[in-house]
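What follows is one structure encoded as structure tokens, with my remarks underneath.
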Amino acid sequence: MKRTLLALPLAALALPAAAELLYNDFEVAVPHLDLEACPAEMAEAAAQPVFCRVTPGHDSLHVFAFAEAGDRPFVAMRTYFQEDFTLSIGN
């Protein structure tokens, strides 16, 4: 069952509007993990090369994509619920 995201992690609410969110602000204010690669659908949807960071939710993960070039502005965000992902730890 798919659910609608009602709120971003609380730390993200203190940041500038999503359209103005820069990676440096996110890096300092939001606890996150670096992803080795962005989810395929996020990378393919971006009109430019991106890198991704992930933050945990209750039963979900929030993935944030940032442009690799320039000031690394925020590009997209997607929430994945438990039934939408599997976790794998490196080799």
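Each value in this text was obtained by applying a stated rule to the coordinates, not by laboratory testing. The structure presented is a predicted model; accordingly, all values stated were derived computationally and were not measured. Cβ atoms come from the backbone with ideal geometry, glycine included; neighbour counts cover every protein chain shown.
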Quiz prompt | Cα-based shape type of the range 16-83, given that a ≥ b ≥ c are square roots of the gyration tensor eigenvalues and the cut on a/c is 1.5 | solution = oblate
Quiz item: Amide H neighbours of C38 under 5 Å, counting only residues 5+ apart in sequence or on other chains, H built in-plane at 1.01 Å?
Solution: C52
Exercise. Within the range 31-73, which residues have the backbone N less than 16 Å from the label spot 7 Å out from N24 along Cα→beta-carbon, could you tell me?
Key: 67-73
